[in-house]
Amino acid sequence: MSDNNPILSGSAQSIAAYQDAIEQSSQAVVDWLKQPEMYQGKTVDQLRERIQLNFTAEGLGNQAAITRAVEYFLKDSLSVHHAQCVAHLHCPSLVISQAAEVLINATNQSMDSWDQSPSATIIEVKLIQWLREQVGYSAGDAGVFTSGGTQSNLMGLMLARDAFFARQGHSVQLQGLTGDLSKIKVFCSESAHFSVQKNMALMGLGYQSVTQVKTDAFSRMDLADLKVKLAQAKAKGEQVMAIVATAGTTDAGAIDPLAEITTLAAQENIWVHVDAAWGGALLLSEKYRHYLNGLECADSVTLDFHKQFFQTISCGAFLLKDARHFELMRYQAAYLNSDFDEEQGVPNLVSKSLQTTRRFDALKLWMGLEALGKKQYAEIIDNGVTLSQEVAEYVSAQPHLELVMQPQLASVLFRFRPESSDSAFVALLNQRIGDVLLVSGSANVGVTEADGITCLKMTLLNPTVCLEDVKILLASVKDTAETLLNAEFQS
């Protein structure tokens, strides 16, 4: 090995190399944060042509490798913190979350056994206990940190499946799936996250196992249709394995009627999993916490902290109401967590996780809560919901804009409405508005569909953004639309 030892260690040479690399990278980030553009505006083809691999036998060294990363990655990255970046559930991060990443990366703890992550394991367990309190669950530590919503939703559905079979005296873990699988169904709303279908396919039950329930004018699960479809399923001899309720749909931010759904499910002995990847942030809210009433009755819950908790990607959690259901996925590996260790009270997190090697992402939430405190955290979460209401009122007053749906969380669905009755033309115009704004580097506005209407979406997570910033963005939407319309008429 060369004299330039590349491994992070306690040697003087390694520490000096680490400090140099971190300083160079940090300065590059500072310079990038100062650039005024939201995006440098390169297309897919331009990026494909521009980015070239440059692996050599001798290597470039740390400094040159960082310089190339800055040039080909950092400079062409989307500025998520920019006031005009509002397309997705993609948040700017807390400064303290960035600091946490330094500690997580440098220590490189693995959460699959206590002797690989001693203090980290205890911190995660205590955070899970705290999160359960916020939901309204009983005291305990049944939960685990995850990579995000899709993984947490998979855990909820997998345990719902295994509990369903266990009630019939069958162990999926030992014996696999059995019986007429076409009769097993999962219910969710038409606006639920696509991971419901994706995860049911991964579990061997397929897309056909998912029954979609109609939604109301606000994209919330329609209780009347849920009752009808439950009755239809029973009449056809189908068995409902689970109902997936959503607290914060991706586009509308809709929160299903959780209390009513969990009450109905309890009567039918049906597992309820709540995908609160977005809306779960309201657990800390001072103004909107009541939106989540009924969450405490769910059998399992998905939470994401890389959305409106403002943590860096990735950071999520899965909470389980009844700890005994974790036994359905337990697998004992003596080389990680022996029976002897458990008898001595050593925590075993790997038995609760789909992952083995896993980052200590819980540190980010812990440091965020300690740095901000619950009150300031609540203020920045509530800011997005309140701002969306102000923006909706402003959009409604503009003659060239149309509010597609009243906001519920921190998103606003709207469209530019020219004087045209051609719905296909209006849809294409709004799609092109979003495309042009991104390629220009000036703004990133989402394009989606709501109740069959192609519309634009602003996801207002950024607590530094105010109504005046949004007005600037809406002016850009109007100017872009008029430019496109003029070009259309001239062609």
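Just flag the chymotrypsin sites (Phe, Trp or Tyr not before Pro) in segment 111-196 sitting in loop per DSSP whose Cβ has no more than 10 other Cβ atoms within 10 Å.
Here the sparse-neighbourhood loop sites are PHE194.
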Subject >> Leading residue at positive end of dipole, segment 409-491 (Cβ point charges), from LEU438, LEU460, ALA427 >> reply: LEU460
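Cross-link list LYS198/LYS287; LYS214/LYS478; LYS183/LYS229; LYS229/LYS457: which exceed 24 angstrom alpha carbon to alpha carbon? Don't skip to the answer; put the middle values down first.
Numbers: LYS198/LYS287 34 Å; LYS214/LYS478 34 Å; LYS183/LYS229 14 Å; LYS229/LYS457 31 Å.
Check vs 24 Å cut-off fails for LYS198/LYS287; LYS214/LYS478; LYS229/LYS457.
Can you give the charge dipole size of the chain about its Cα centre, rounded to the nearest 20 debye, using +1 on the beta carbon of Lys and Arg and -1 on the beta carbon of Asp and Glu? Spell out each step's value before the answer.
Values: 37 positive and 55 negative charges, 159 e Å.
Approximately 760 debye in magnitude.
Need one word for the chain: rounded, prolate or oblate. Basis is the Cα gyration tensor (sqrt eigenvalues a ≥ b ≥ c); a/c below 1.5 gives rounded, then a/b vs b/c decides. Walk me through the intermediate numbers first.
Numbers: a/c = 1.79, a/b = 1.05, b/c = 1.71.
Here the chain falls in the oblate category.
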Original post:
So how do SER388, SER147 rank on accessible area, 1.4 Å probe, biggest first, that is with the largest at the start?
Top reply: SER147, SER388
Original post:
Under the rule of -39500 (n - 2.57) per DSSP H run of 4 or more residues, summed and divided by the residues of the chain, what mean residue ellipticity at 222 nm is obtained, to the nearest 500 deg cm²/dmol?
Top reply: -13500 deg cm²/dmol
**OP:** Could you give the size of the charge dipole of segment 128-208 about its Cα centre, using +1 on the Cβ of each K and R and -1 on the Cβ of each D and E, expressed in debye and rounded to the nearest 20?
**Re:** 180 debye
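Under the rule a/c < 1.5 gives rounded, and otherwise a/b versus b/c splits prolate from oblate, where does segment 174-292 land using the Cα gyration tensor? Walk me through the numbers on the way to the answer.
On the way: a/c = 1.98, a/b = 1.62, b/c = 1.22.
The shape class here is prolate.
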**OP:** Grab the eigenvalues of the alpha-carbon gyration tensor for segment 282-412, scale each by 5, take roots, and send me the semi-axes largest first in whole angstrom.
**Re:** 40, 16, 14
**OP:** Take every DSSP beta bridge with both residues inside the chain and express the antiparallel ones as a percent of the total, to the nearest 5.
**Re:** 55 percent
Subject >> Per residue accessible area of segment 127-197, 1.4 Å probe, in Å² >> reply: 37 Å²
Subject >> Alpha-carbon centroid distance for the pair segment 383-401 / segment 346-382, whole angstrom >> reply: 33 Å
**OP:** Within segment 326-427, report the GluC sites (Glu not before Pro) that DSSP leaves as loop and that have at most 12 other Cβ atoms within 10 Å.
**Re:** GLU419
**OP:** Assign unit charges at the C-beta atoms only (+1 for Lys and Arg, -1 for Asp and Glu), then state the dipole size of segment 10-122 relative to its Cα centre in Debye, rounded to the nearest 20.
**Re:** 280 debye
Original post:
At a 1.4 Å probe, what is the % contribution of carbon and sulfur to the accessible area of the chain?
Top reply: 53 percent
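Which helices of the chain meet both criteria: a Cα extent of 24 Å or more along the helical axis and a mean Kyte-Doolittle score no lower than -1.0, with helices taken as whole DSSP H segments? Numbers along the way, then the final one.
Working: long enough: 12-34 (33 Å, -0.12); 118-135 (26 Å, 0.27); 149-166 (25 Å, 0.49); 362-396 (42 Å, 0.09); 423-440 (26 Å, 1.21); 467-490 (34 Å, 0.23).
Sorted by number, the helices that extend far enough and score high enough are 12-34, 118-135, 149-166, 362-396, 423-440, 467-490.
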**OP:** Find which of HIS193, ILE380, HIS306 sits farthest along the positive direction of the dipole of the chain, computed with +1 on the beta-carbon of Lys and Arg, -1 on that of Asp and Glu, about the Cα centre.
**Re:** HIS193
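The values are calculated or read from the model by the stated rules, or taken from the named source; none is laboratory data. Please read these numbers as outputs of a predicted model, since none were measured by experiment. Neighbour counts run over all protein chains shown; Cβ positions are idealised from the backbone, glycine included. Calculation scope for accessible area: heavy atoms of the full protein, side chains included, ligands and nucleic acids excluded. Shrake-Rupley method; radii C 1.70, N 1.55, O 1.52, S 1.80 Å.
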